[in-house]
1. Please give the length that would be gained between Asp146 and Thr106 if that part of the chain were fully extended, namely 0.36 nm times their separation in residues minus their C-alpha to C-alpha distance (nm, one decimal).
2. Which residues among region 67-111 fall inside the zone where the amide N is under 14 Å from a point 7 Å beyond the Cα of Lys52, along Cα→Cβ?
3. How high is the relative contact order of the chain, given as a whole-number percent (alpha carbon pairs under 8 Å, six or more residues apart)?
4. Suppose all protein chains stay in the model; what accessible area per residue would a 1.4 Å probe give for region 190-320, in Å²?
5. So how tilted is helix 202-214 from the main axis of the chain? Cα-based, degrees 0 to 90, rounded to 10.
6. Lys308: which lysines have alpha carbons under 18 Å from its alpha carbon, excluding same-chain residues fewer than 8 sequence positions away?
7. I'd like to know which of Gly39, Ile59, Ala73 lies farthest towards the positive end of the charge dipole of region 7-74, counting +1 on Cβ of Lys and Arg and -1 on Cβ of Asp and Glu.
8. Between Thr36 and Arg268, how high is the FRET efficiency from 1/(1 + (r/R0)^6) when r is the Cβ-Cβ distance and R₀ = 35 Å? Nearest 0.05.
Amino acid sequence: MLRVGIITDMSGQYSDGNGPGSVIAAQMAAEEIGGTVAGRKIEIISADHQNKPDVATGIVRNWIDNKGVDVIAEGVNSAVALAIQTVTRERKKLFLISGSGSSDLTGKQCSPTSVQWTYDTYASSNATAKAVVARGGTPWFFLTADYAFGQALERDASKAVTSAGGKVLGAVRHPFDTADFSSFLLQAQSSGAKILALANAGSDFRNAVSQADEFNIRASMQLVALQVTLTDVPALGLAHAHDLLFTDSFYWDRTPETRVFAQEFFKRHGAMPTAYQAGVNSALRHYFKAVAATNSVDSEAVIAQMRKTPVGRPGLPSAR
């Protein structure tokens, strides 16, 4: 038996872009190779970490110590992922991260048994910030979620802005899962900045955008979204999503191959896959290929094989 544990947000603000859809993406990856690899039947199990690092680490420790789980995948929410990574490093188990973006996961907290899939705050912030500054977008002010992800996003984007010749006038940080952004938005508006950079995600991001329009922030500032999930766009609606600038690492309608993957995913989930859900599928397909090549679930052997094998895209066979 080869057991895969999908640890995700099943009930909170990231559940629509991750959650049950990530479990389906994992199941699709297993089915693609016939449900078995290297003579082992693949079993997908899942749990809700509730966006709480202590809950997540308890689940992962139990999976590894008592349930025989060989690989952990997803781990949305950077504070949660950093906590999980500590456990998987100690237990020498693979952690395939998709949906958690802090660049600290592969920076100062880097682990030899983890791979950060899909995106990180360095990549997304640099792509967006450099493009905006090149168009004359400066100076900047940040509205930042006050936890690992938001802090990393603000830090990486600030460096990108200044390196591109722009200026950062300041930032204000809000608690995770904030409902009322009025005081934060008014502080941003009074900063004199021309760019309001949203270093948050999920319902925090959506609430910030809709309330920014209530305060007519766009009359004096351009909104720049540093992390957007596909599901955010219909949730906001055109009235609020119009003219947002952002970067994403995957879009379901980009190629014929991604459309094939997305259409099958839609049959099962009723929505097109987000980048994070596609990342879970891609990461596990790559992992299963490495298990087959090494005929082993040993973490060191498998991750070494993964690192030397080109990565395939969802909808395509893994590169050979």
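1. Details: separation 40, 0.36 × 40 = 14.40 nm, distance 2.01 nm.
Gain in length upon complete extension: 12.4 nm.
2. Residues 80 fall inside that zone.
3. Numbers: 619 pairs, mean separation 57.1, N = 320.
For the chain, the relative contact order is 18 percent.
4. Numbers: 5670 Å² over 131 residues.
Ligands and nucleic acids excluded, the result is 43 Å² per residue.
5. The angle comes out near 20 degrees.
6. Once the sequence-local lysines are set aside, what remains near Lys308 is Lys289.
7. Gly39
8. Values: r = 21 Å, r/R0 = 0.59.
Using R0 = 35 Å, I get an efficiency of 0.95.
The values are calculated or read from the model by the stated rules, or taken from the named source; none is laboratory data. The shown structure was predicted, so the numbers you read here are calculated from the model rather than taken from an experiment. Note: ideal-geometry Cβ built from the backbone for every residue, glycine included; neighbour counts use all protein chains shown. These area figures cover heavy atoms from the full protein model, side chains too; ligands, DNA and RNA do not enter into them. Shrake-Rupley method; radii C 1.70, N 1.55, O 1.52, S 1.80 Å.
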